[in-house]
Amino acid sequence: MFSAVFMATFAEGADASAKEAFDADVKASAGAITTVNLAAPVLEPPMPGGDYFCELGFKNQAEYDQAKAQPSWNDLYTLFENTAVVAGFEFAAYGDGTLTLQEKSVSKCHRVLIFSLLEDANPDMVAKMEANMNGMTEHVPGLRNCKFAKIVESAGSDSWAYAFECDFDEPGSFLGKYMTTPYHFCYIDKFFEPACNEWIVNTNLCTPYLAQETPFLANYAD
Amino acid sequence: MAVGAAAGVASLGAMAGCSQQTASPPEPANGAQATEEDEGGQAEMAQEEKLYVVDTFMPKPGDGKSFLDDYMKTYRPMAEDAGMVLVSSTVAPPMWLDNDSNTVQVVWALDDIAVACWAMSSATRYNPAYVEWCAAVRKRVVSRDRSYFASEEYMEVLNNV
């Protein structure tokens, strides 16, 4: 699957009705592009990465490129460029990566982490991170699916490098076991911590999460 | 207004607060009422229920004392403001070397992973001064390592939350 993800922050002056209208418009526009889409406000408590999330899924990058050439893509993109409602947004597009797929039917929480690398990121550490991120599923039973992929297109406040996409059984698994397992803070997070020798990730990451009913990563799965 | 990635990150600490450790300390082996000896043992157990953050540096030859002074002057306040408790600061060999590198080790304690650790990281890594200092240290020292330690008994708790 090839994904295109928007992470938007609402403008200060956007009231509830404007946000609701935005949500409806984005859902409609996303649906006009592909039936594989997930668009909604993020859940509380919020994580860095804005107030609203939209992901489009395509069978492959060729389908994504075809979609981008259509007027419907411009209709969607324009919604995120409306500064009366959206103060700013991050965009990332990525394809296949390291996929762990354990659940194809039920998932109540979707989350996408995007981050960029330090300019002088140690290649050995990058390789180590690539090899170990998906190990989170072995320590967090509620993390049912995940994919770690290189971002091929990005826009916004940084040149986003990687996406770590997750389907949880429920939000409580993300807020709970995912955060408390020593594998996260004491091992994986070392790539993200400036005081660690393993540090390779810029601190301005985005990691919104939202509700869903079915696991997004199971789309297009065999 | 902070937008996107620059938006408020205190929520990481708040988010971490949504989770709670449910494991309780083990009962005394014989189930007897607490005695002075038991209370000492339980105090020892409580002390072991910490996450220890161990920073080990090898400054360049002759830079040992200057580096440690800078660490204590610049890094220590940021770490303490973020909730870290200084446990020890040691140097090997126990003399400042001019023509070789000392090894400097600083040990901190945090109460738990669920709240204290993530609150610490939220309070530090989004502070430009903290990031700048860490980036400078990367270039200043021959090597550095930060690792997180816990007692074997606490491992049982941490891995079964």
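The residues of the range A:96-121 that are out of contact with any Leu (no Cβ under 8 Å at 6 or more places or on another chain), more than 11 Å from chain B (Cβ to nearest Cβ) and open to solvent by 10 Å² or more (accessible area, probe 1.4 Å), listed by number, are A:ASP96, A:GLY97, A:THR98, A:THR100, A:GLN102, A:GLU103, A:LYS104, A:SER105, A:VAL106, A:LYS108, A:LEU117, A:ALA121.
Would you confirm whether or not the range A:57-68 contains a residue that is open to solvent by less than 80 Å² (accessible area, probe 1.4 Å), within 23 Å of A:ALA211 (Cβ to Cβ) and at pLDDT 95 or above? The answer is yes, given that some residue of the range A:57-68 is open to solvent by less than 80 Å² (accessible area, probe 1.4 Å), within 23 Å of A:ALA211 (Cβ to Cβ) and at pLDDT 95 or above.
Filtering the range A:161-193 to residues that are in contact (Cβ under 8 Å) with a residue 40 or more places away in the chain, part of a loop (DSSP other than H, G, I, E, B) and within 9 Å of chain B (Cβ to nearest Cβ) leaves A:THR181, A:TYR187, A:PHE192.
Of all residue pairs spaced 6 or more apart or on separate chains, those with beta-carbon atoms under 6 Å, a first member in the range A:59-86 that is over 20 Å from A:PHE2 (Cβ atoms) and a second member that is open to solvent by 70 Å² or more (accessible area, probe 1.4 Å) are A:LEU79/A:ASP25. In the range A:173-188, which residues are more than 14 Å from B:VAL157 (Cβ to Cβ), out of contact with any His (no Cβ under 8 Å at 6 or more places or on another chain) and open to solvent by 20 Å² or more (accessible area, probe 1.4 Å)? A:LEU175, A:TYR187 - these are the residues of the range A:173-188 that are more than 14 Å from B:VAL157 (Cβ to Cβ), out of contact with any His (no Cβ under 8 Å at 6 or more places or on another chain) and open to solvent by 20 Å² or more (accessible area, probe 1.4 Å).
When you check A:GLU44 against the structure, is it within 17 Å of the chain's Cα centre (by Cα) and open to solvent by less than 30 Å² (accessible area, probe 1.4 Å), yes or no?
Values: within 17 Å of the chain's Cα centre (by Cα): yes; open to solvent by less than 30 Å² (accessible area, probe 1.4 Å): no.
It is false that A:GLU44 is within 17 Å of the chain's Cα centre (by Cα) and open to solvent by less than 30 Å² (accessible area, probe 1.4 Å).
The residues of the range A:161-203 that are closer than 26 Å to A:MET1 by Cα and among the polar types (S, T, N, Q) amount to a single one, A:SER173.
The residue of the range A:194-208 that is surrounded by the fewest Cβ atoms within 10 Å (Cβ to Cβ), among those that are more than 7 Å from chain B (Cβ to nearest Cβ) and out of contact with any Leu (no Cβ under 8 Å at 6 or more places or on another chain), is A:GLU198.
The values are calculated or read from the model by the stated rules, or taken from the named source; none is laboratory data. All values derive from a computational prediction rather than experimental measurement. Note that we place each Cβ from the backbone using ideal geometry, even for glycine, and neighbour counts take in every protein chain shown. Note: areas computed on protein heavy atoms with side chains; ligands, DNA, RNA excluded. Shrake-Rupley method; radii C 1.70, N 1.55, O 1.52, S 1.80 Å.
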